[in-house]
Amino acid sequence: MRKLTFLMAMLTVGTVALQAQTAGLQIVDEPLPNPDNEPAPVQPVPHPRQVKWMQTEFYAFYHYGMNTFTGKEWGNGDEAENLYNPTQDPNPKQWLEAAKSAGMKGGIAVVKHHDGFCLWPTATTKHSIASSGNAHSGVNIPEAFAAAAKELGLKYGFYISPWDRNSAYYGDGTDRYVTEVFLKQCKELALYGDDQFEMWFDGANGGSGYYGGKGGSRTIDRATYYDVPNLRDMVHGISPNCVLWGVGGEARWIGNEDGIGGETSWCPDNRLDGADQPDGKLGNENGWMWLPGECDAKATTSGWFWNGSSVLSAERLFQMYLETVGRNATWILNLPPDKTGSLPKATVTRMADLGKLITTRLGTNLATDATVTASDVRTAGAARNYNAANIIDGSLDTYYATNDGVNEAVITLTLPEARKIHYVMLQEHIQLGQRVKAFKIETSTDGNTWTKFGGNVPTTTIGYKRIIPQSGSTSSYGNGVNAKYVRVSITKSKSCPVIENIALY
Ligand code: FUL
(Lines give C-alpha, C1' and ligand atoms only; values in the text may rest on other atoms or scores of the structure.)
Protein backbone atom coordinates (compact mmCIF):
# COMPACT_ATOMS: atom_id res chain seq x y z
CA MET A 1 0.00 0.00 0.00
CA ARG A 2 1.20 3.49 -0.72
CA LYS A 3 0.56 6.54 1.29
CA LEU A 4 1.00 10.12 0.15
CA THR A 5 2.78 12.24 2.69
CA PHE A 6 3.49 15.93 2.58
CA LEU A 7 7.00 16.65 3.69
CA MET A 8 9.05 19.78 4.04
CA ALA A 9 11.67 18.18 1.90
CA MET A 10 12.68 17.25 -1.61
CA LEU A 11 10.36 17.09 -4.59
CA THR A 12 11.53 14.39 -6.99
CA VAL A 13 10.37 14.58 -10.60
CA GLY A 14 11.83 11.83 -12.80
CA THR A 15 15.56 11.94 -12.33
CA VAL A 16 15.62 15.62 -11.52
CA ALA A 17 15.58 16.50 -7.90
CA LEU A 18 14.29 19.94 -7.13
CA GLN A 19 14.85 21.70 -3.91
CA ALA A 20 11.42 22.72 -2.64
CA GLN A 21 11.38 26.09 -1.02
CA THR A 22 8.30 25.49 1.03
CA ALA A 23 6.50 22.16 0.80
CA GLY A 24 7.12 19.04 -1.26
CA LEU A 25 5.40 15.74 -2.00
CA GLN A 26 6.94 12.34 -1.52
CA ILE A 27 5.48 8.87 -2.08
CA VAL A 28 6.38 6.56 0.77
CA ASP A 29 5.83 2.80 0.74
CA GLU A 30 4.10 2.12 4.01
CA PRO A 31 1.87 -0.95 4.45
CA LEU A 32 -1.60 -0.34 5.82
CA PRO A 33 -2.25 -2.25 9.03
CA ASN A 34 -3.53 -5.75 8.29
CA PRO A 35 -3.68 -7.53 11.65
CA ASP A 36 -5.74 -10.37 10.19
CA ASN A 37 -3.29 -10.89 7.31
CA GLU A 38 -6.20 -10.80 4.88
CA PRO A 39 -5.38 -11.25 1.20
CA ALA A 40 -5.47 -8.03 -0.82
CA PRO A 41 -8.56 -7.78 -3.03
CA VAL A 42 -8.30 -8.30 -6.77
CA GLN A 43 -10.17 -5.47 -8.49
CA PRO A 44 -12.95 -5.03 -9.36
CA VAL A 45 -14.80 -6.17 -6.26
CA PRO A 46 -18.58 -6.28 -5.77
CA HIS A 47 -20.55 -3.66 -3.90
CA PRO A 48 -22.03 -5.28 -0.75
CA ARG A 49 -25.50 -5.05 -2.34
CA GLN A 50 -24.22 -7.12 -5.27
CA VAL A 51 -22.90 -9.76 -2.86
CA LYS A 52 -26.34 -9.99 -1.24
CA TRP A 53 -27.91 -10.13 -4.69
CA MET A 54 -25.68 -13.01 -5.81
CA GLN A 55 -26.57 -14.86 -2.62
CA THR A 56 -30.23 -14.69 -3.71
CA GLU A 57 -29.26 -17.17 -6.47
CA PHE A 58 -32.69 -18.30 -7.66
CA TYR A 59 -35.88 -16.23 -7.77
CA ALA A 60 -39.14 -15.97 -9.66
CA PHE A 61 -40.37 -13.65 -12.38
CA TYR A 62 -44.09 -12.98 -12.68
CA HIS A 63 -45.31 -11.64 -16.02
CA TYR A 64 -48.86 -10.57 -15.31
CA GLY A 65 -50.86 -7.53 -16.42
CA MET A 66 -52.86 -6.21 -19.35
CA ASN A 67 -51.34 -8.81 -21.72
CA THR A 68 -52.72 -11.63 -19.55
CA PHE A 69 -56.20 -10.52 -20.67
CA THR A 70 -55.51 -9.51 -24.29
CA GLY A 71 -53.41 -12.56 -25.09
CA LYS A 72 -50.54 -10.40 -26.37
CA GLU A 73 -46.84 -10.55 -25.51
CA TRP A 74 -46.34 -6.85 -26.25
CA GLY A 75 -49.39 -4.61 -25.87
CA ASN A 76 -49.50 -1.54 -28.11
CA GLY A 77 -50.44 0.85 -25.29
CA ASP A 78 -53.95 1.59 -26.60
CA GLU A 79 -55.71 -1.13 -24.58
CA ALA A 80 -58.78 0.14 -22.72
CA GLU A 81 -58.19 -0.02 -18.96
CA ASN A 82 -61.31 -2.12 -18.36
CA LEU A 83 -59.79 -4.96 -20.36
CA TYR A 84 -57.76 -5.70 -17.25
CA ASN A 85 -60.34 -7.92 -15.62
CA PRO A 86 -59.15 -10.69 -13.28
CA THR A 87 -61.88 -13.19 -12.46
CA GLN A 88 -60.77 -13.29 -8.80
CA ASP A 89 -58.63 -11.11 -6.57
CA PRO A 90 -55.02 -11.49 -7.80
CA ASN A 91 -53.09 -13.41 -5.16
CA PRO A 92 -49.35 -12.56 -5.04
CA LYS A 93 -49.00 -14.60 -1.88
CA GLN A 94 -49.96 -17.73 -3.83
CA TRP A 95 -47.37 -16.79 -6.52
CA LEU A 96 -44.63 -16.47 -3.95
CA GLU A 97 -45.57 -19.61 -2.03
CA ALA A 98 -44.99 -21.59 -5.23
CA ALA A 99 -41.56 -19.97 -5.62
CA LYS A 100 -40.67 -20.78 -2.06
CA SER A 101 -41.60 -24.43 -2.53
CA ALA A 102 -39.13 -24.59 -5.44
CA GLY A 103 -36.36 -23.33 -3.19
CA MET A 104 -36.36 -19.81 -4.63
CA LYS A 105 -35.35 -16.98 -2.35
CA GLY A 106 -37.54 -14.26 -3.81
CA GLY A 107 -39.41 -12.87 -6.77
CA ILE A 108 -39.82 -9.95 -9.14
CA ALA A 109 -43.32 -8.89 -10.21
CA VAL A 110 -43.84 -7.18 -13.56
CA VAL A 111 -45.93 -4.16 -12.60
CA LYS A 112 -45.63 -2.21 -15.86
CA HIS A 113 -44.83 -3.82 -19.22
CA HIS A 114 -44.17 -2.03 -22.52
CA ASP A 115 -47.91 -1.23 -22.91
CA GLY A 116 -47.56 1.19 -19.99
CA PHE A 117 -50.49 -0.16 -17.93
CA CYS A 118 -49.60 0.18 -14.23
CA LEU A 119 -50.68 -2.43 -11.69
CA TRP A 120 -50.78 0.16 -8.93
CA PRO A 121 -52.74 3.42 -8.60
CA THR A 122 -49.97 5.70 -9.81
CA ALA A 123 -50.19 9.48 -9.74
CA THR A 124 -48.40 9.68 -13.09
CA THR A 125 -51.02 8.37 -15.53
CA LYS A 126 -54.65 7.32 -15.77
CA HIS A 127 -53.53 4.16 -17.54
CA SER A 128 -53.60 1.99 -14.41
CA ILE A 129 -55.74 -0.35 -12.34
CA ALA A 130 -57.37 2.75 -10.80
CA SER A 131 -59.25 3.20 -14.09
CA SER A 132 -60.24 -0.40 -14.70
CA GLY A 133 -63.40 -0.46 -12.64
CA ASN A 134 -63.85 -4.23 -12.55
CA ALA A 135 -64.80 -6.38 -9.56
CA HIS A 136 -61.27 -7.71 -8.94
CA SER A 137 -59.12 -5.11 -10.69
CA GLY A 138 -58.42 -2.96 -7.64
CA VAL A 139 -55.72 -5.07 -5.95
CA ASN A 140 -52.54 -2.98 -5.72
CA ILE A 141 -50.04 -5.55 -6.98
CA PRO A 142 -46.72 -4.07 -5.75
CA GLU A 143 -48.21 -3.41 -2.34
CA ALA A 144 -49.68 -6.92 -2.01
CA PHE A 145 -46.54 -8.49 -3.47
CA ALA A 146 -44.21 -6.73 -1.00
CA ALA A 147 -46.45 -7.61 1.94
CA ALA A 148 -46.62 -11.28 0.91
CA ALA A 149 -42.86 -11.50 0.40
CA LYS A 150 -42.22 -10.09 3.87
CA GLU A 151 -44.71 -12.50 5.37
CA LEU A 152 -43.02 -15.45 3.65
CA GLY A 153 -39.48 -14.27 4.41
CA LEU A 154 -38.65 -13.83 0.70
CA LYS A 155 -36.84 -11.08 -1.19
CA TYR A 156 -38.84 -8.96 -3.62
CA GLY A 157 -38.56 -6.38 -6.36
CA PHE A 158 -40.34 -5.03 -9.43
CA TYR A 159 -40.05 -4.95 -13.21
CA ILE A 160 -40.96 -1.61 -14.71
CA SER A 161 -40.58 -1.21 -18.45
CA PRO A 162 -38.67 1.96 -19.34
CA TRP A 163 -40.29 1.84 -22.78
CA ASP A 164 -43.89 3.06 -22.49
CA ARG A 165 -46.04 2.68 -25.58
CA ASN A 166 -48.96 4.45 -23.92
CA SER A 167 -47.35 7.70 -22.84
CA ALA A 168 -47.68 10.70 -25.15
CA TYR A 169 -44.36 11.97 -23.81
CA TYR A 170 -42.22 8.92 -24.54
CA GLY A 171 -39.42 9.91 -26.93
CA ASP A 172 -41.18 13.21 -27.86
CA GLY A 173 -37.93 15.15 -27.98
CA THR A 174 -38.34 16.53 -24.43
CA ASP A 175 -37.43 15.03 -21.05
CA ARG A 176 -41.07 15.04 -19.87
CA TYR A 177 -41.50 11.27 -19.98
CA VAL A 178 -38.42 10.72 -17.83
CA THR A 179 -39.01 13.49 -15.31
CA GLU A 180 -42.81 13.42 -15.10
CA VAL A 181 -43.55 9.75 -15.62
CA PHE A 182 -40.68 7.25 -15.47
CA LEU A 183 -38.62 8.53 -12.53
CA LYS A 184 -41.77 9.24 -10.53
CA GLN A 185 -43.09 5.74 -11.19
CA CYS A 186 -39.77 4.23 -10.12
CA LYS A 187 -39.93 6.29 -6.95
CA GLU A 188 -43.48 5.15 -6.23
CA LEU A 189 -42.29 1.57 -6.61
CA ALA A 190 -39.16 2.08 -4.49
CA LEU A 191 -41.45 3.35 -1.74
CA TYR A 192 -43.24 0.01 -1.61
CA GLY A 193 -40.28 -1.31 0.40
CA ASP A 194 -36.85 -0.13 1.48
CA ASP A 195 -35.53 -3.70 1.43
CA GLN A 196 -36.02 -4.51 -2.28
CA PHE A 197 -33.29 -6.61 -3.83
CA GLU A 198 -33.64 -5.81 -7.53
CA MET A 199 -35.45 -3.46 -9.91
CA TRP A 200 -35.68 -4.81 -13.44
CA PHE A 201 -35.48 -2.47 -16.44
CA ASP A 202 -36.03 -4.23 -19.70
CA GLY A 203 -33.81 -3.63 -22.71
CA ALA A 204 -36.65 -3.12 -25.24
CA ASN A 205 -36.56 0.58 -25.96
CA GLY A 206 -38.53 2.50 -28.53
CA GLY A 207 -40.44 1.58 -31.66
CA SER A 208 -44.08 1.85 -32.62
CA GLY A 209 -46.87 2.49 -30.12
CA TYR A 210 -50.04 4.38 -29.21
CA TYR A 211 -48.19 7.31 -27.62
CA GLY A 212 -51.23 9.17 -26.35
CA GLY A 213 -53.07 8.64 -29.63
CA LYS A 214 -50.37 10.11 -31.85
CA GLY A 215 -49.10 6.69 -32.91
CA GLY A 216 -45.99 6.35 -35.06
CA SER A 217 -42.57 5.21 -34.01
CA ARG A 218 -40.38 6.77 -31.32
CA THR A 219 -36.70 6.26 -30.72
CA ILE A 220 -34.51 7.36 -27.84
CA ASP A 221 -30.80 7.19 -26.98
CA ARG A 222 -30.88 4.63 -24.26
CA ALA A 223 -27.44 5.58 -22.95
CA THR A 224 -28.61 9.04 -21.91
CA TYR A 225 -32.42 9.24 -22.08
CA TYR A 226 -33.35 7.67 -18.74
CA ASP A 227 -31.21 9.90 -16.51
CA VAL A 228 -29.53 6.88 -14.98
CA PRO A 229 -27.43 8.74 -12.36
CA ASN A 230 -30.55 10.26 -10.79
CA LEU A 231 -32.49 7.04 -11.15
CA ARG A 232 -29.76 5.09 -9.39
CA ASP A 233 -29.33 7.63 -6.58
CA MET A 234 -33.06 7.89 -6.03
CA VAL A 235 -33.62 4.11 -5.84
CA HIS A 236 -30.57 3.51 -3.65
CA GLY A 237 -31.54 6.44 -1.43
CA ILE A 238 -34.79 4.66 -0.63
CA SER A 239 -33.84 1.00 -1.00
CA PRO A 240 -30.06 0.73 -0.55
CA ASN A 241 -29.75 -2.98 -1.37
CA CYS A 242 -31.73 -2.78 -4.60
CA VAL A 243 -29.59 -3.82 -7.58
CA LEU A 244 -30.64 -2.06 -10.79
CA TRP A 245 -30.80 -4.51 -13.64
CA GLY A 246 -30.51 -3.30 -17.26
CA VAL A 247 -30.87 0.49 -17.17
CA GLY A 248 -28.60 1.54 -14.32
CA GLY A 249 -26.51 -1.57 -14.82
CA GLU A 250 -25.36 -3.34 -11.66
CA ALA A 251 -25.93 -6.78 -13.16
CA ARG A 252 -25.78 -7.94 -16.77
CA TRP A 253 -28.05 -9.89 -19.11
CA ILE A 254 -26.60 -13.28 -19.85
CA GLY A 255 -27.43 -12.91 -23.56
CA ASN A 256 -30.22 -15.49 -23.95
CA GLU A 257 -33.64 -16.15 -22.44
CA ASP A 258 -33.18 -19.90 -22.18
CA GLY A 259 -31.49 -20.29 -18.80
CA ILE A 260 -27.98 -20.91 -20.12
CA GLY A 261 -25.06 -19.36 -18.29
CA GLY A 262 -21.46 -19.47 -19.49
CA GLU A 263 -19.24 -22.34 -18.40
CA THR A 264 -16.51 -19.74 -18.20
CA SER A 265 -18.16 -16.82 -16.47
CA TRP A 266 -16.47 -13.70 -15.12
CA CYS A 267 -18.35 -11.26 -12.91
CA PRO A 268 -16.07 -8.43 -14.08
CA ASP A 269 -17.18 -6.88 -17.35
CA ASN A 270 -16.94 -3.67 -19.34
CA ARG A 271 -20.33 -2.08 -19.26
CA LEU A 272 -21.37 -0.43 -22.49
CA ASP A 273 -23.92 2.19 -21.58
CA GLY A 274 -27.08 1.76 -23.56
CA ALA A 275 -26.14 -1.55 -25.15
CA ASP A 276 -26.45 -5.18 -24.22
CA GLN A 277 -23.19 -6.81 -23.27
CA PRO A 278 -21.49 -8.44 -26.26
CA ASP A 279 -20.14 -11.10 -23.93
CA GLY A 280 -23.13 -11.80 -21.69
CA LYS A 281 -22.24 -15.40 -20.85
CA LEU A 282 -18.53 -14.90 -20.55
CA GLY A 283 -18.16 -11.54 -18.82
CA ASN A 284 -14.63 -10.23 -19.16
CA GLU A 285 -11.61 -11.47 -17.25
CA ASN A 286 -10.17 -7.95 -17.36
CA GLY A 287 -13.43 -6.04 -17.07
CA TRP A 288 -13.28 -2.78 -15.14
CA MET A 289 -16.50 -3.18 -13.15
CA TRP A 290 -18.31 -5.88 -11.21
CA LEU A 291 -21.28 -6.73 -13.43
CA PRO A 292 -22.48 -10.27 -12.61
CA GLY A 293 -24.77 -12.24 -14.92
CA GLU A 294 -28.47 -12.93 -14.50
CA CYS A 295 -30.23 -15.62 -16.56
CA ASP A 296 -33.89 -14.94 -17.32
CA ALA A 297 -35.88 -17.96 -18.47
CA LYS A 298 -39.42 -19.21 -18.84
CA ALA A 299 -40.82 -22.13 -16.86
CA THR A 300 -43.40 -22.64 -19.61
CA THR A 301 -42.91 -23.77 -23.20
CA SER A 302 -43.73 -20.37 -24.77
CA GLY A 303 -44.45 -16.74 -23.93
CA TRP A 304 -43.70 -14.58 -20.92
CA PHE A 305 -47.38 -13.90 -20.24
CA TRP A 306 -49.87 -16.67 -19.56
CA ASN A 307 -51.09 -18.24 -22.78
CA GLY A 308 -52.07 -21.72 -21.67
CA SER A 309 -48.72 -23.27 -22.62
CA SER A 310 -47.51 -26.14 -20.48
CA VAL A 311 -44.91 -26.09 -17.72
CA LEU A 312 -41.50 -27.61 -18.36
CA SER A 313 -40.64 -30.82 -16.52
CA ALA A 314 -38.89 -30.69 -13.16
CA GLU A 315 -35.91 -32.48 -14.78
CA ARG A 316 -35.61 -29.81 -17.49
CA LEU A 317 -35.83 -27.06 -14.88
CA PHE A 318 -33.23 -28.79 -12.73
CA GLN A 319 -30.94 -28.76 -15.75
CA MET A 320 -31.46 -24.99 -15.99
CA TYR A 321 -30.57 -24.68 -12.32
CA LEU A 322 -27.22 -26.35 -13.00
CA GLU A 323 -26.65 -24.19 -16.09
CA THR A 324 -27.40 -20.91 -14.30
CA VAL A 325 -26.84 -20.99 -10.53
CA GLY A 326 -24.21 -23.65 -11.17
CA ARG A 327 -22.38 -21.30 -13.54
CA ASN A 328 -21.82 -18.20 -11.45
CA ALA A 329 -25.05 -16.47 -12.45
CA THR A 330 -28.41 -15.86 -10.83
CA TRP A 331 -31.55 -17.44 -12.25
CA ILE A 332 -34.87 -15.61 -12.62
CA LEU A 333 -37.55 -18.09 -13.64
CA ASN A 334 -40.84 -16.85 -15.09
CA LEU A 335 -44.13 -18.22 -13.69
CA PRO A 336 -47.10 -16.53 -15.40
CA PRO A 337 -50.30 -16.09 -13.37
CA ASP A 338 -53.49 -16.64 -15.42
CA LYS A 339 -56.76 -14.68 -15.72
CA THR A 340 -57.79 -15.65 -12.20
CA GLY A 341 -54.80 -13.66 -10.91
CA SER A 342 -53.21 -16.81 -9.51
CA LEU A 343 -50.76 -19.41 -10.80
CA PRO A 344 -52.37 -22.43 -12.45
CA LYS A 345 -52.30 -25.62 -10.39
CA ALA A 346 -49.87 -27.30 -12.77
CA THR A 347 -47.28 -24.57 -12.13
CA VAL A 348 -47.71 -24.85 -8.37
CA THR A 349 -47.25 -28.63 -8.43
CA ARG A 350 -44.24 -28.40 -10.74
CA MET A 351 -42.51 -25.89 -8.49
CA ALA A 352 -42.93 -28.22 -5.50
CA ASP A 353 -41.49 -31.08 -7.60
CA LEU A 354 -38.54 -28.93 -8.61
CA GLY A 355 -37.92 -28.02 -4.98
CA LYS A 356 -37.89 -31.70 -4.06
CA LEU A 357 -35.46 -32.50 -6.86
CA ILE A 358 -33.07 -29.74 -5.83
CA THR A 359 -33.23 -30.84 -2.19
CA THR A 360 -32.77 -34.51 -3.02
CA ARG A 361 -29.78 -33.93 -5.30
CA LEU A 362 -28.14 -30.86 -3.78
CA GLY A 363 -29.55 -30.69 -0.27
CA THR A 364 -27.14 -32.85 1.72
CA ASN A 365 -23.46 -31.99 1.66
CA LEU A 366 -21.50 -35.24 1.95
CA ALA A 367 -18.31 -33.42 2.95
CA THR A 368 -19.24 -31.90 6.31
CA ASP A 369 -17.33 -34.61 8.23
CA ALA A 370 -14.36 -34.73 5.84
CA THR A 371 -10.77 -34.08 6.86
CA VAL A 372 -9.40 -31.28 4.69
CA THR A 373 -5.75 -30.60 3.93
CA ALA A 374 -4.08 -28.16 1.57
CA SER A 375 -0.71 -27.72 -0.10
CA ASP A 376 -0.26 -24.27 1.41
CA VAL A 377 -2.19 -22.49 4.15
CA ARG A 378 -2.01 -18.74 4.61
CA THR A 379 -0.55 -17.57 7.90
CA ALA A 380 -3.33 -16.80 10.33
CA GLY A 381 -3.93 -13.25 11.54
CA ALA A 382 -5.13 -11.99 14.91
CA ALA A 383 -8.80 -12.79 14.41
CA ARG A 384 -8.90 -14.87 11.22
CA ASN A 385 -7.41 -18.09 10.02
CA TYR A 386 -7.30 -19.46 6.49
CA ASN A 387 -7.40 -23.16 7.30
CA ALA A 388 -8.42 -25.67 4.65
CA ALA A 389 -11.25 -26.84 6.93
CA ASN A 390 -12.97 -23.46 6.40
CA ILE A 391 -14.23 -24.74 3.06
CA ILE A 392 -16.57 -27.26 4.69
CA ASP A 393 -18.09 -25.09 7.41
CA GLY A 394 -20.85 -23.86 5.08
CA SER A 395 -20.17 -20.26 6.14
CA LEU A 396 -20.15 -17.41 3.63
CA ASP A 397 -17.69 -15.55 5.84
CA THR A 398 -14.77 -17.85 6.55
CA TYR A 399 -12.52 -18.98 3.73
CA TYR A 400 -9.37 -20.85 2.82
CA ALA A 401 -6.44 -18.95 1.29
CA THR A 402 -2.81 -19.44 0.38
CA ASN A 403 0.04 -17.10 1.22
CA ASP A 404 0.82 -14.14 -1.03
CA GLY A 405 2.73 -15.21 -4.12
CA VAL A 406 1.31 -18.74 -4.00
CA ASN A 407 -1.25 -18.80 -6.81
CA GLU A 408 -1.74 -22.54 -6.97
CA ALA A 409 -3.26 -24.86 -4.39
CA VAL A 410 -4.19 -28.49 -3.96
CA ILE A 411 -7.06 -29.07 -1.53
CA THR A 412 -7.78 -32.66 -0.52
CA LEU A 413 -10.97 -33.80 1.17
CA THR A 414 -10.81 -37.20 2.86
CA LEU A 415 -14.17 -38.73 3.74
CA PRO A 416 -14.63 -41.24 6.59
CA GLU A 417 -15.59 -43.82 3.94
CA ALA A 418 -16.19 -43.95 0.20
CA ARG A 419 -19.39 -42.14 -0.82
CA LYS A 420 -21.27 -41.75 -4.10
CA ILE A 421 -20.58 -38.26 -5.48
CA HIS A 422 -22.71 -36.71 -8.25
CA TYR A 423 -21.79 -33.04 -7.96
CA VAL A 424 -18.97 -30.88 -6.63
CA MET A 425 -19.93 -27.33 -5.67
CA LEU A 426 -17.25 -24.63 -5.31
CA GLN A 427 -17.40 -21.00 -4.18
CA GLU A 428 -14.87 -18.19 -4.11
CA HIS A 429 -15.00 -15.49 -1.44
CA ILE A 430 -16.01 -12.92 -4.04
CA GLN A 431 -15.79 -9.98 -1.65
CA LEU A 432 -12.07 -10.15 -2.54
CA GLY A 433 -12.75 -10.29 -6.29
CA GLN A 434 -13.00 -13.18 -8.72
CA ARG A 435 -9.60 -14.81 -8.96
CA VAL A 436 -9.52 -18.44 -10.13
CA LYS A 437 -8.77 -18.96 -13.84
CA ALA A 438 -8.36 -22.73 -13.95
CA PHE A 439 -8.90 -25.71 -11.67
CA LYS A 440 -9.40 -29.44 -11.84
CA ILE A 441 -11.23 -32.00 -9.73
CA GLU A 442 -10.17 -35.61 -9.24
CA THR A 443 -11.49 -38.42 -7.08
CA SER A 444 -9.95 -41.56 -5.66
CA THR A 445 -10.97 -44.53 -3.56
CA ASP A 446 -7.46 -45.31 -2.25
CA GLY A 447 -5.60 -41.99 -2.35
CA ASN A 448 -3.19 -43.31 -5.02
CA THR A 449 -5.11 -43.64 -8.24
CA TRP A 450 -6.98 -40.51 -9.27
CA THR A 451 -9.85 -40.15 -11.74
CA LYS A 452 -10.87 -36.94 -13.46
CA PHE A 453 -14.25 -35.59 -12.29
CA GLY A 454 -16.52 -33.49 -14.54
CA GLY A 455 -16.12 -35.04 -17.99
CA ASN A 456 -15.26 -32.40 -20.57
CA VAL A 457 -16.68 -29.44 -18.72
CA PRO A 458 -14.28 -26.49 -18.93
CA THR A 459 -13.01 -26.02 -15.38
CA THR A 460 -11.95 -22.42 -15.74
CA THR A 461 -13.81 -19.94 -13.55
CA ILE A 462 -15.53 -20.46 -10.19
CA GLY A 463 -16.85 -17.08 -8.98
CA TYR A 464 -19.72 -16.92 -6.50
CA LYS A 465 -20.79 -20.50 -7.24
CA ARG A 466 -19.96 -23.31 -9.64
CA ILE A 467 -21.52 -26.77 -9.68
CA ILE A 468 -19.73 -29.47 -11.65
CA PRO A 469 -21.69 -32.65 -12.49
CA GLN A 470 -19.65 -35.84 -12.29
CA SER A 471 -20.01 -36.81 -15.96
CA GLY A 472 -20.13 -33.22 -17.12
CA SER A 473 -23.75 -33.66 -18.20
CA THR A 474 -26.33 -31.23 -16.86
CA SER A 475 -29.23 -33.18 -18.36
CA SER A 476 -28.74 -36.57 -16.78
CA TYR A 477 -28.25 -37.37 -13.11
CA GLY A 478 -25.94 -40.21 -14.07
CA ASN A 479 -24.40 -42.82 -11.81
CA GLY A 480 -22.01 -40.62 -9.87
CA VAL A 481 -18.63 -41.87 -8.73
CA ASN A 482 -17.61 -43.68 -5.58
CA ALA A 483 -14.92 -41.71 -3.77
CA LYS A 484 -13.22 -41.51 -0.40
CA TYR A 485 -10.85 -38.75 -1.57
CA VAL A 486 -11.68 -35.63 -3.59
CA ARG A 487 -8.85 -33.39 -4.75
CA VAL A 488 -9.43 -29.87 -6.05
CA SER A 489 -6.39 -28.29 -7.66
CA ILE A 490 -6.36 -24.58 -8.40
CA THR A 491 -3.92 -24.39 -11.26
CA LYS A 492 -4.24 -20.72 -12.30
CA SER A 493 -5.37 -17.75 -10.28
CA LYS A 494 -5.03 -13.97 -10.64
CA SER A 495 -3.61 -13.84 -7.12
CA CYS A 496 -3.61 -16.14 -4.11
CA PRO A 497 -6.82 -18.21 -4.32
CA VAL A 498 -9.52 -17.48 -1.76
CA ILE A 499 -11.99 -20.37 -1.55
CA GLU A 500 -15.12 -20.02 0.53
CA ASN A 501 -16.82 -23.40 0.27
CA ILE A 502 -16.52 -26.77 -1.38
CA ALA A 503 -19.43 -29.20 -1.06
CA LEU A 504 -19.94 -32.73 -2.34
CA TYR A 505 -23.37 -34.08 -3.28
C1 FUL B 1 -37.95 -8.87 -22.92
C2 FUL B 1 -39.34 -8.22 -23.04
O3 FUL B 1 -39.51 -7.59 -24.27
C4 FUL B 1 -40.25 -9.39 -22.82
O5 FUL B 1 -41.59 -9.05 -23.06
C6 FUL B 1 -40.06 -9.90 -21.41
O7 FUL B 1 -40.51 -8.95 -20.48
C8 FUL B 1 -38.59 -10.27 -21.17
C9 FUL B 1 -38.26 -10.67 -19.78
O10 FUL B 1 -37.74 -9.23 -21.56
O11 FUL B 1 -36.96 -8.12 -23.42
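The values are calculated or read from the model by the stated rules, or taken from the named source; none is laboratory data. Computed from a predicted structure; not experimentally measured. Note that we place each Cβ from the backbone using ideal geometry, even for glycine, and neighbour counts take in every protein chain shown. Each accessible area value is taken on the protein alone, full model and side chains, heavy atoms only, with ligands, DNA and RNA left out. Shrake-Rupley method; radii C 1.70, N 1.55, O 1.52, S 1.80 Å.
For the chain, the Cβ-based charge dipole about the Cα centre amounts to some 700 debye (Lys, Arg positive; Asp, Glu negative; other atoms uncharged).
Annotation: amide H of His429 within the under-5 Å range of Val498, Ile499, Glu500, sequence separation 5 or more or interchain, hydrogens built in the peptide plane. Rounded if a/c is under 1.5, else prolate if a/b is larger than b/c, else oblate: which is the chain, with a ≥ b ≥ c the root eigenvalues of its Cα gyration tensor? In terms of gyration-tensor shape, oblate. Among the listed pairs Lys72/Lys356; Lys150/Lys184; Lys420/Lys465; Lys298/Lys420; Lys150/Lys298, those whose Cα-Cα separation exceeds 29 Å are Lys72/Lys356; Lys298/Lys420. Between Lys345 and Ala418, the contour length at 0.36 nm per residue exceeds the Cα-Cα span by 22.1 nm.
Remark: the Asn456-Thr224 segment gains 79.2 nm on full extension, using 0.36 nm per residue and subtracting the alpha carbon distance.
The Cα-based radius of gyration of segment 300-386, divided by its Kirkwood radius, gives an Rg/Rh of 1.22. Of the listed residues Ser310, Ser342, the order by accessible area with a 1.4 Å probe, largest first, is Ser310, Ser342. Mean separation of Cα pairs under 8 Å and 6 or more residues apart, divided by the residue count, gives segment 184-252 a relative contact order of 43 percent.
Over the chain, with every protein chain in place, what whole percent of the accessible area is carbon and sulfur at 1.4 Å, could you tell me?
Exposed carbon and sulfur together represent 51 percent of the surface.
Helical runs assigned H by DSSP (4 residues or longer) give the chain a calculated mean residue ellipticity at 222 nm of -5000 deg cm²/dmol, each run adding -39500 (n - 2.57) before division by the residue total.
If you line up the long axis of helix 92-101 against the longest principal axis of the chain, both from Cα atoms, how many degrees apart are they, to the nearest 10? With rounding to tens, the tilt is 30 degrees. Rounded to the nearest whole Hz, the Karplus-based 3J(HN,Hα) values (6.51 cos²θ - 1.76 cosθ + 1.60, θ = phi - 60°) of segment 491-504 follow the sequence 9, 8, 8, 5, 7, 4, x, 10, 9, 7, 9, 9, 10, 10, with x at glycine and proline. The calculated pair-distance distribution of segment 146-190 uses every alpha carbon pair, bins of 10 angstrom beginning at 0, and gives 26, 39, 21, 13, 1 percent. Sticking with the crude label model, points 7 Å out along Cα→Cβ, report the distance from Lys184 to Ser217 in nm, one decimal please. About 3.0 nm separates the two model spin labels. Calculated FRET efficiency, Val42 and Asp369, Cβ-Cβ r, R0 22 Å, to nearest 0.05? Computed FRET efficiency for Val42 and Asp369 comes out at 0.10. Legend: calculated FRET efficiency, Asn448 to Ser475, from the Cβ-Cβ distance at R0 = 41 Å, rounded to 0.05, equals 0.80. Between the amide H of Ser493 and those of Lys437, distances stay under 5 Å, these residues lying 5 or more places away or on another chain, with hydrogens modeled in the peptide plane.
Here the spin labels are modelled as points 7 Å beyond Cα on the Cα-Cβ line, and at Ala80 and Lys150 they lie 3.8 nm apart. Evaluating 6.51 cos²θ - 1.76 cosθ + 1.60 at θ = phi - 60° for every residue in segment 53-68, the Karplus couplings come out as 5, 5, 5, 6, 6, 9, 8, 9, 10, 10, 8, 8, x, 3, 4, 4 Hz, glycine and proline recorded as x.
Think of a 1.4 Å ball rolled over the protein heavy atoms: the chain then has 40 Å² of accessible area per residue.
Evaluating 6.51 cos²θ - 1.76 cosθ + 1.60 at θ = phi - 60° for every residue in segment 451-463, the Karplus couplings come out as 10, 5, 10, x, x, 9, 4, x, 9, 9, 8, 10, x Hz, glycine and proline recorded as x. Annotation: amide H-H contacts under 5 Å for Arg327 (H modelled 1.01 Å from N, sequence separation of 5 or more, or interchain): Ile467.
With one equal scatterer per alpha carbon and no solvent term, the Debye-computed log10 I(q)/I(0) for segment 148-225 at 0.14, 0.15, 0.19 1/Å reads -0.53, -0.59, -0.81.
For the pair Ala123 and Ser313 in one chain, pulling the backbone fully straight at 0.36 nm per residue adds 64.2 nm over the alpha carbon distance. A simple spin-label model places pseudo-atoms 7 Å from Cα toward Cβ; at Thr301 and Asp279 they are separated by 3.8 nm. Over the Cα atoms of segment 68-201, the radius of gyration divided by the Kirkwood radius equals 0.97; this is the Rg/Rh ratio.
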